[in-house]
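The values are calculated or read from the model by the stated rules, or taken from the named source; none is laboratory data. A quick note: this is a predicted structure, and the numbers were derived from the prediction, not measured. Using ideal geometry, Cβ is built from the backbone for each residue, glycine included, and neighbour counts are taken over all protein chains shown. Surface accessibility is based on the protein's heavy atoms, side chains included, excluding ligands, DNA and RNA. Shrake-Rupley method; radii C 1.70, N 1.55, O 1.52, S 1.80 Å.
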Amino acid sequence: MSTTTPGTAGPRPRVTVVVPLYNPGEYLDPCLESLAAQTMAPEDLEILLVDDGSTDDTLERARAFEAAHANVRVIPIPNSGWPGKPRNIGTDEARGEYVMYVDQDDRVEPDALERMTSVGAAHGSDVVIGKVISDFRGVNHEVYREDRPSCTVHDAPLMESLTPHKAFRRDFLREHGIRYPEGPRRLEDQLFMAQAYFAAGAATIVSDRVCYRYLRRPDGGNAGSKRFDPAVYYANLAEVLDVVDAHVPPGRERDDFYRRFLRVELLGRLGGKKALRHDDEYLDALLREVRGLLDGRFADSVAAGMGAAMRSRTGVVRRGTRDDVRDLARRYNAVKAVAMLVDQRVEGSAQRIDVEVRWTFRGDPLVLDRVGDRLALPRSVVGSLPTDDERRVDDQLDTIAGDVVVKHRSSLDEWFVGPRLTGGIEDGPSGPEVVLRGSVLLDAATAALGHPLRDGVQDLYVRVGAFAWARSQRLGADRAGGLVAAGPSTDSSGRVVLAYDTDPHGNLSLDVAPGEGGLRERVRLLRVASATPTEVVLAAASGPGPTLRPRGSAGEGWTSAAGADGRLRATGPALPTGTHRLVVGFGGAEVVLETTLAVDGRGRVTVQAPAAATPAARPTGRPAWRRALSRLKRALGR
């Protein structure tokens with residue numbers, strides 16, 4: 001509920017959303033539509049659109065949105081060239097108890113602002129972090145492993161989330177003078193967030209629902225997605241490290257904070273596919289700046305406390321050449337975690353999924369070196385430059401762990417499925433290998449941190465870590481011999497959950513509450529393996545349904561059973577001459593196959609494939625503010 005603010009007209013909103021604008025064009029529309037769809041009362045929400053001198057039709061779009069919503073205000077300013085000044089102006093103008101920063105090409109989930117401000121206010125939090133999903137930008141999902149109603153930068157992984165798309169108590173920002181640097185610069189978000197985290201008395205992490213979505217722009221125009229000047233970038237990073245130094249004395253805790261920056265901003269820029277894409281001149285400049293900051297600001301104890309893969313890369317960066325950095329990137333890229341689906345079955349209302357993961361290098365088992373009484377990453381992987389201390393792993397065996405992750409195919413919402421996979425060292429034919437195993441239980445009614453998974457297709461992944469390597473892989477293509485998906489079941493809320501194997505890759509997926517239309521899509525994967533007038537056999541990678549019969553009176557007296565080979569056999573009285581459809585039962589639903597069986601006068605059966613589906617028509621309705629924009633353009637003759 002709104003509160004009255006002294007010296008202002010009307011009640012004070014619970015939150016002010018500040019959106020800096022500069023030439024987003026049509027990519028602004030999803031953002032504005034998501035703000036208009038918020039579940040909180042309009043009087044509790046203030047939206048400030050700060051236009052930074054756009055030269056396209058952005059200001060017209062913003063004005064049309066303002067005209068359609070009484071709680072929206074457009075603030076045009078001369079171009080400053082960066083989001084910092086528009087955010088500061090929005091903060092100065094904000095009336096809300098909280099200020100939420102939103103980028104122009106992102107989207108906020110409908111109940112996000114309601115949830116974030118309610119939980120944050122209940123715990124007196126200065127900063128509220130909502131779960132983020134991205135279709136292009138890396139997100140450290142470890143931040144969202146659990147809800148944290150009240151925490152601080154000293155006891156929670158807040159530094160793993162340094163983007164500004166969070167809610168901040170407005171008076172907290174003003175009391176501490178926390179503002180964005182203005183004008184073009186790099187890492188202004190990290191500088192702002194580091195200052196806010198260390199000043200905050202309490203922070204909240206909302207993990208049990210998705211709050212914010214980064215959306216990839218087809219034109220590649222997302223902020224922060226372009227190449228940077230290494231000298232400028234690392235000079236700006238040094239200012240972020242200054243904030244850490246100002247609040248944390250030298251020692252173990254400072255080293256912990258520094259490890260995030262060493263892993264992500266320094267070593268992360270010199271690994272993976274990035275290092276292989278850079279030309280010689282740019283990679284030399286990058287390596288020079290990274291090495292300078294590493295030698296000047298990072299104590300040896302920072303790298304010493306990291307996993308062997310990152311310790312070894314640090315050694316190569318300190319002592320190697322540009323070609324050494326590239327060679328290590330190629331070798332690390334060849335390190336994989338291969339997940340095997342050992343079993344998948346229905347247990348009550350849940351899916352039981354058993355997994356085994358083995359680490360490999362260039363397709364063969366990754367075999368650790370024995371160095372005296374120690375274990376170390378093999379020289380074949382790290383090369384000759386890292387020392388034995390840098391590549392040793394026996395001091396970090398307890399960090400080998402992993403998760404099964406369920407991810408919605410279209411929305412990309414993802415959730416950890418417990419319990420975690422655990423790992424260790426096992427003797428293989430050629431020496432010690434890294435192996436993880438686990439058995440998880442997935443109930444679609446509670447898998448989203450106690451909440452239901454979204455309806456629709458959910459894909460299964462395995463995400464594992466060892467020695468500072470992290471790998472993710474779809475689950476199911478590698479599996480125990482003869483294993484097929486368990487087919488349909490119901491979760492604890494009564495929704496149908498259809499486990500199936502994708503075609504053609506054979507990965508494991510779940511279709512949650514598919515409904516008749518969705519079931520029909522899954523049914524298309526079912527193939528008639530053979531048919532006679534008295535027997536029909538279905539075979540498919542998706543696994544059969546529990547019942548099968550011909551449609552109508554022809555199916556009277558037919559029974560069906562699933563065989564150990566994963567096929568579903570139905571038998572019954574002879575089918576009469578004519579065409580017949582098949583009915584497959586899934587839980588409480590039945591779906592008619594589009595495949596037709598044609599029985600001729602001699603009793604021969606022909607299987608007739610379904611015709612291609614006609615795409616559904618797209619809805620034509622438009623929000624009122626977009627209709628207003630069209631009218632405005634017509635009036636201006638544009």
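What label, among (i) 28.9, 97; (ii) 28.7, 92; (iii) 30.3, 104, belongs to Rg and Dmax of the Cα atoms in Å computed from the structure on display? Calculated Rg and Dmax of the Cα atoms in Å: the matching label is (ii). Across segment 354-371, rounded Karplus estimates of 3J(HN,Hα) from the backbone phi angles (6.51 cos²θ - 1.76 cosθ + 1.60, θ = phi - 60°) give 9, 9, 10, 10, 10, 7, 10, 9, 6, x, 10, x, 7, 9, 6, 7, 9, 10 Hz, Gly and Pro being marked x. Label positions at residue 92 and residue 137, each projected 7 Å from the Cα along the C-beta direction, are separated by 2.5 nm.
Quick one: compute the contact order of segment 96-164, relative version, from alpha carbon pairs under 8 angstrom and 6+ residues apart, as a percent. Numbers along the way, then the final one.
Working: 28 pairs, mean separation 17.1, N = 69.
The value is 25 percent.
Work through the residues other than residue 218 whose Cβ is under 14 Å from its Cβ and net out their charges, Lys, Arg +1 and Asp, Glu -1.
Details: positive: 216, 217; negative: 26, 29, 105, 135, 219.
Around residue 218, the charge tally is -3.
Pairs from the table (166/407; 273/407; 85/273) lying more than 28 angstrom apart at Cα are 85/273.
Between rounded, prolate and oblate, where does segment 56-129 land on the alpha carbon gyration tensor, with a ≥ b ≥ c its root eigenvalues, rounded for a/c under 1.5, else prolate if a/b exceeds b/c? Don't skip to the end; give the middle numbers.
Details: a/c = 2.10, a/b = 1.60, b/c = 1.32.
Prolate is the answer for segment 56-129, as a/c is 1.5 or above and a/b outweighs b/c.
The slack between residue 37 and residue 252, meaning 0.36 nm per residue of separation minus the straight C-alpha distance, is 72.8 nm. Give the residues of segment 267-296 whose amide nitrogen is closer than 12 Å to a point set 7 Å from the Cα of residue 231 in the direction of its Cβ. 285-286, 289, by backbone N distance to the label point. The modelled label-to-label distance between residue 602 and residue 410, using points 7 Å beyond Cα along the C-beta direction, is 4.7 nm. Spin-label pair residue 118-residue 171: with each label point 7 Å from Cα along the Cα-Cβ axis, the two points sit 2.3 nm from one another. Here the gap between residue 577 and residue 395, fully extended at 0.36 nm per residue and compared with their Cα-Cα distance, gives a gain of 58.2 nm. Fully extending the segment from residue 530 to residue 384 would add 46.6 nm, taking 0.36 nm per residue of separation and subtracting the current Cα-Cα distance.
All other residues with a Cβ under 10 Å from the Cβ of residue 112 taken together, and with Lys, Arg as +1 and Asp, Glu as -1, what is their net charge?
On the way: positive: 107, 115, 131, 209, 213; negative: 109, 111, 114.
For residues surrounding residue 112, the net value is +2.
Accessible area per residue (1.4 Å probe, heavy atoms of protein chains only) ranks 131, 273 as 273, 131, with the largest value leading.
Using a cutoff of 8 angstrom between alpha carbon atoms and counting only pairs six or more residues apart, the relative contact order for the chain works out to 9 percent.
List the relative contact order of segment 55-204 as a percent without decimals, with contacts defined as Cα pairs under 8 Å and 6+ residues apart.
Numbers: 169 pairs, mean separation 50.0, N = 150.
Taking the mean separation of contacting Cα pairs over the length of segment 55-204, I get 33 percent.
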